[in-house]
Amino acid sequence: MSTSIHENPVYDLKISSVIPGKFTESGVTYEPTNMDLAMKLHYLLGLYFFPKEAVDGFTISKIKESINTLFSSFSMYCGRFRRSDESSRRPYIKCNDAGVRMIEAKCKYTMEEFLEMKDCSLHKLLVYNQVLGTPDLAISPPVLIQVLLIFSLFTWFKCGGMSTGLSCAHVLGDAFLASHIIKSWGQLVSTGHLPHDLQKLEPITVIQENRSFVDLQPFFKRVDPVGDYWKFVNNCNMITSCFQINPAKLNNILLRINGQCGTRHIPTFECLCAIFWHSLAKIRTQAEPRVVTVCQNNSNRINDVHYGNNQIFGIVKAECHVKDANPADLATLMLDQTTHEQRQMDQVMEKDGGLSDFVVYGANLIWKSPKSMKCMVEGVADSGLVLVLPGPSNKGRTVTIILPENEILQLKAELEKEWCIV
């Protein structure tokens, strides 16, 4: 490939707004939950590739028309944030149909070339990200969609594929809802109608018993107030890196872990989390990560979809030195000893009136298993984030890590030495 590594392969950006197809009644607002507001400094970036046959004959006007129809069912996503005029100043969304931001762009690489790349910094070029509060909270779009037509550098002809990058403020909802939106858009494009369950989206209410949290390890961290510019600033440079684990290598890992667990079967997610946890503990000699957070989908909504952040956070605590532990024991610990707890965050936010600022991703080392082809997160704190994703064509797994820059090379060396993961 003759393109300079310093040259941006994405060019000819065109920015516009797409409003919903149905007007929202005047005065409609959406009140984010406490959990929603706790996630406001995080941003979800999803990247989806569509082959030639999936988008043959597709034009920018058809894309805009489909987005117009899709977001008629998501009026809050097309609104803008405001603060209450009352003394509380709690943020809410004014559903004013201001629209989502759409970015059209072209790329000099073919789709095949992009799919082969392990440099996640290049993947981010396909997802336009903008922090809420840029330039002002009241006019910042919470959703941005970048549609990119893939061109070949050598022939200058369209290779036929297309990528769609979704940038979504986490305050609107979790990765599982964002994935559902993209799948709904895909169904709309292919069949001409939206899924039936899209019409019954509503906030979910989970009733939990009152508990004391004195002895619980929090999965979140309070940060300095950010005002109306919703961005978390790290103490170090955070780097995103990807590992492709093909089916054969994944099978070897599962056999090695499960071979030490007798007749018990340890799922893929826990096995991969265990080896990355063990490897990170070996390189973090000054502050071993004995407490990690696991983020997974809410099993209460497997057959239903709801607005907001309904993902489940769980805490896992190792009582021994993780670097000296058997990865099989760590995987079993994650499976058996994860303490799921949401109400702790809700109570803290309620006490502060939803005004305090927190980070959740990276407060502890955190594991997450969203359902999209390429998924990244902005606003991760220094402890880091590990994403376990389906591999290309749903074969094997892709593990995306977001860690301090000085840990990336050490982790890669450890994973290659112990598990042949490169």
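The values are calculated or read from the model by the stated rules, or taken from the named source; none is laboratory data. What you are looking at is a predicted structure, and each value in this text was computed from that prediction instead of being measured. Positions of Cβ are backbone-derived with ideal geometry, glycine not excepted, and every protein chain shown enters the neighbour counts. Accessible surface is based on the protein model in full, side chains and every heavy atom, while ligands, DNA and RNA are left aside. Shrake-Rupley method; radii C 1.70, N 1.55, O 1.52, S 1.80 Å.
Starting from residues that are charged (D, E, K, R) and open to solvent by 10 Å² or more (accessible area, probe 1.4 Å), keep the ones in the range 358-382 and report whichever is farthest from E407 (Cα to Cα).
Residue satisfying both the conditions and the ranking: K371.
Scanning the range 69-89 for residues that are open to solvent by 50 Å² or more (accessible area, probe 1.4 Å) and either under 20 Å from M35 (Cβ atoms) or of a type in the set (A, V, I, L, M, F, W, C) (or both), which turns out farthest from the chain's Cα centre (by Cα)?
So, considering only residues that are open to solvent by 50 Å² or more (accessible area, probe 1.4 Å) and either under 20 Å from M35 (Cβ atoms) or of a type in the set (A, V, I, L, M, F, W, C) (or both), the one farthest from the chain's Cα centre (by Cα) is R89.
Considering only the range 246-280, state which residues are part of a helix (DSSP H, G or I), open to solvent by 10 Å² or more (accessible area, probe 1.4 Å) and among the polar types (S, T, N, Q).
Listed by number, the residues that qualify are N251, N252, N258, T268.
Within the range 48-62, does at least one residue satisfy the condition of being open to solvent by less than 10 Å² (accessible area, probe 1.4 Å) and either modelled with pLDDT under 90 or touching a Pro at 6+ places or on another chain (Cβ under 7 Å) (or both)?
no
Go through (1) open to solvent by less than 50 Å² (accessible area, probe 1.4 Å); (2) closer than 21 Å to T400 by Cβ and name the single condition W230 misses.
(2)
Exactly one of (1) within 21 Å of the chain's Cα centre (by Cα); (2) within 30 Å of F358 (Cβ to Cβ) is unmet by C95. Its number?
(1)
List pairs: first in the range 85-107 and touching a residue at least 24 places away in the same chain (Cβ under 8 Å), second of a type in the set (S, T, Y) and crowded, with 20+ Cβ neighbours inside 10 Å, Cβ under 6 Å, 6+ apart or cross-chain?
If the second residue must be of a type in the set (S, T, Y) and crowded, with 20+ Cβ neighbours inside 10 Å, the pairs left are I103/Y128.
Test V359 against the criterion of being at pLDDT 90 or above and hydrophobic (A, V, I, L, M, F, W, C), and give yes or no.
yes
Any chance you could count how many residues in the range 396-413 are in a helix (DSSP H, G or I) and of a type in the set (S, T, N, Q)?
2
Being among the hydroxyl-bearing types (S, T, Y), surrounded by fewer than 16 Cβ atoms within 10 Å (Cβ to Cβ) and at pLDDT 80 or above is the filter here; which residues of the range 281-321 pass it?
T285
Among the residues of the range 126-146, how many are in a loop (DSSP other than H, G, I, E, B), open to solvent by less than 10 Å² (accessible area, probe 1.4 Å) and among the polar types (S, T, N, Q)?
Here the count works out to 1.
So which helices (runs of 4 or more DSSP H) stay within the range 1-113 end to end and still have 1 or more residues that are closer than 21 Å to D174 by Cα?
The qualifying helices (runs of 4 or more DSSP H) are 34-38, 60-70.
For the range 96-119: of the residues being aliphatic (A, V, I, L, M) and modelled with pLDDT of 90 or more, which is surrounded by the most Cβ atoms within 10 Å (Cβ to Cβ)?
Ranking the qualifying residues of the range 96-119, first place goes to V100.
Can A38 be described as surrounded by 13 or more Cβ atoms within 10 Å (Cβ to Cβ) and either closer than 15 Å to M162 by Cβ or at pLDDT below 90 (or both)?
Criteria not met by A38.
Out of the residues in the range 330-356 that are outside any helix (DSSP H, G or I) and among the acidic types (D, E), which is modelled with the highest pLDDT?
D352
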